[in-house]
């Protein structure tokens, strides 16, 4: 598999215009940069988007590789008057391939799933570092 695009994106609820429409000039500039990056990602039309987050499930001395069928998350503004929900299908075979390759190379990884081994209840909770870029990319695809 070839890597066609890489990006380091910030996170923060203030970057999600659906819940912070008046985010302020500095946040707005950062949000627009994320929109540009998201457009670039959509133009590449990738088979898979990989998000590496330092805020994921914390496993002492290990790296978690999500192998669930779905990831989801809901975030609110400060006064809980607005929210945004993201549900995203996961490529389980790709996640499993990353896991197996990492194990072959003696990396301290574990495969993570939640609820059920497969199907609609195989859902992992997204952290804010996943949600923010996915919200921007989702809004461009719809």
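Mind pulling the angle between the C-alpha long axis of helix 25-44 and the longest principal axis of the chain? Nearest 10 degrees, somewhere in 0 to 90.
Roughly 50 degrees, rounded to the nearest 10.
Quick check: the angle from helix 92-104's long axis to the longest principal axis of the chain, C-alpha only, nearest 10 degrees?
60 degrees
Just to be sure I understand the model, the point goes 7 Å from the Cα along the line to the Cβ. What's the resulting residue 104 to residue 118 distance in nm?
Reported label-point gap for residue 104 and residue 118 is 2.3 nm.
Working only with C-alpha atoms, what are the Rg and Dmax values of the chain, expressed in angstrom?
16.0, 48
Taking 22 Å as R0, compute the FRET efficiency from the Cβ-Cβ separation of residue 57 and residue 33 and round it to 0.05.
0.20
Could you check the simple spin-label distance between residue 8 and residue 97, using points 7 Å along Cα→Cβ, in nm with one decimal?
My value for the distance between the label points is 2.7 nm.
When the helix-only estimate is applied to the chain (DSSP H runs of n ≥ 4, each -39,500 (n - 2.57), divided by the residue count), what is the mean residue ellipticity at 222 nm, nearest 500 deg cm²/dmol? If you can, show how the numbers build up before the last one.
Numbers: 3 runs with 47 residues, N = 142.
The per-residue figure over the chain is -11000 deg cm²/dmol.
Over the range 1-56, what number does the Rg to Rh ratio reach, with both radii from the alpha-carbon atoms and Rh per Kirkwood?
That ratio equals 1.02.
I need the calculated FRET efficiency for the pair residue 40 and residue 85, taking r as the beta carbon distance and R₀ as 25 Å, to the nearest 0.05.
Values: r = 25 Å, r/R0 = 0.99.
FRET efficiency, residue 40 to residue 85: 0.50.
Which residue fluctuates the most in the chain, going by a Gaussian network model with Cα springs under 10 Å, if the choices are 11, 124, 55?
The residue with the greatest mean-square fluctuation here is 55.
Just so you know, all these numbers are worked out from the coordinates, no wet-lab data involved. Predicted model only: the values in this text are computed from it and were never measured. Virtual Cβ from ideal backbone geometry, glycine too; neighbours counted across all protein chains shown.
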